[in-house]
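Scroll down for the structure; my scribbles are underneath it.
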Amino acid sequence: MIIVLKPGCTPEQVKDFTNTLTNEYSIKVNTWVGTQSTVLGLIGDTSAIDIDYISAQDFVESVKRVQEPYKKSNRKFHPDDTVITLPDGQKIGGGGLALIAGPCSVESKEQICDIARRVKAAGAQFLRGGAFKPRTSPYAFQGLKAEGLELLKEAKKETGLPIVTEIMSANHIDMFLENGVDIIQVGARNMQNFDLLKELGKVKTPILLKRGLSSTIEELLMSAEYILAGGNEQVILCERGIRTYETYTRNTLDISAIPILKKLSHLPVVVDPSHAGGIAWLVEPLALAAVAAGADGLIIEVHNNPAKALSDGAQSLTPDQFDKAAEHLRAAAKAFGRNVE
Ligand SMILES: [Mn+2]
């Protein structure tokens, strides 16, 4: 961090400020006294220093970070890729292609078990399904809640597929763990629910963290930092489209976020082409683009009767469509040198 002090700053002010910084943080301060102004170079872990506090000092002209404010998710301090490995051996990261598939919402035992069987047969290694649904309208279907988790457990018992499902409140963490949820999803709308992120930092279950619809890449990494800083090192980042002026698609899939996240961070990156495009026929091309850009996995909505789905039917693939998409995605991943069968 570089701090430029205003001209006219007295040597006492510089000394007092430097002492305050070195006493409060484990850093060193290098001071350069120029003819016009004094520049301080802070060396060490500056991630805990509040840049606004520095700027608020009346003798400070400007302040600039030269290092990213996220540390635990930063590849600089952790050059090797993080690979999430579940107890049954399924992996996210490490050169393969993880396919997470299933309905937007869990609707009934028949529905979730039928879809689970079909996506497994198509090669998906994980089952997704929403039990707690964050809907834009309070009048829309809100999910089967606890019953939905029970039904996911049944589908897992039947197919062996690990479960990925979204949490909306820290009050539900125990319920998720008791029901054997394998990967807890934090949805786009909760990406900056910091109290929830802190609580998820205390569990050992992997967390799939979706990017907020208007969040920057750095904000996503700072949210991951909340979970990592709490002690849970198993975080999967998810690009799911951001809001732009384009209205043809539900969101705009930010393809560039994939290589950028892979460069800045060691965490695996999964892409959600379903919520990005919002239209079933767009899912496969967006997913193929994500594979080409280096995504470690895809989370795709599949419904056995999209026309009757209680949520997100328009963007859901039928099991037959998913069969084809999975085949094409595996072929593409192989062509890009990925480790898939
Ligand atoms: Mn959905």
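Considering only DSSP beta bridges with both partners in the chain, what is the antiparallel share in %, to the nearest 5?
DSSP beta bridges in the chain are roughly 40 percent antiparallel.
Leaving out ligands, DNA and RNA, what percent of the accessible area of the range 2-64 is carbon and sulfur, probe 1.4 Å?
Details: 1970 of 3870 Å².
Within the range 2-64, the accessible surface is 51 percent carbon and sulfur.
Along each of the three principal axes of the Cα atoms of the chain, give the extent in whole Å, ordering the values from largest to smallest.
Principal-axis extents of the chain (Cα, largest first): 75, 43, 40 Å.
Solvent-accessible area per residue for the chain at a 1.4 Å probe radius, Å²? Before the final figure, lay out each step's value.
Details: 15510 Å² over 341 residues.
Each residue of the chain exposes 45 Å² on average to a 1.4 Å probe.
Per 5 Å bin, what percent of the C-alpha pairs of the range 2-64 does each bin hold, from zero upward?
Binned Cα distances yield the sequence 4, 18, 34, 29, 12, 3, 0.
List the pairs from Lys64/Lys263; Lys64/Lys210; Lys71/Lys334; Lys72/Lys262; Lys153/Lys324 whose alpha-carbon separation is above 25 Å, in the order I gave them.
Numbers: Lys64/Lys263 22 Å; Lys64/Lys210 28 Å; Lys71/Lys334 33 Å; Lys72/Lys262 14 Å; Lys153/Lys324 27 Å.
Too far apart for the 25 Å limit: Lys64/Lys210; Lys71/Lys334; Lys153/Lys324.
Can you compute log10 of I(q)/I(0) for the range 92-223 with the Debye formula, treating each Cα as one identical point scatterer, at q = 0.09, 0.13, 0.14, 0.21 Å⁻¹?
-0.25, -0.54, -0.63, -1.30
Which length gain, in nm to one decimal place, applies between Glu110 and Ala56 when the Cα-Cα distance is subtracted from 0.36 nm times their residue separation?
Details: separation 54, 0.36 × 54 = 19.44 nm, distance 5.98 nm.
Extra length from Glu110 to Ala56 when fully extended: 13.5 nm.
If R0 is 30 Å, what FRET efficiency do you get for Phe194 and Ile43 from their C-beta distance, rounded to 0.05? List each step's numbers first, then the result.
Numbers: r = 29 Å, r/R0 = 0.96.
Computed FRET efficiency for Phe194 and Ile43 comes out at 0.55.
The values are calculated or read from the model by the stated rules, or taken from the named source; none is laboratory data. Being a predicted model, the structure only gives us computed values, none of them experimental. Note that each Cβ is placed from the backbone with ideal geometry, even for glycine, and that neighbours are counted across all protein chains shown. For the accessible areas, the whole protein counts, side chains as well, though only heavy atoms, and no ligand, DNA or RNA atoms are used. Shrake-Rupley method; radii C 1.70, N 1.55, O 1.52, S 1.80 Å.
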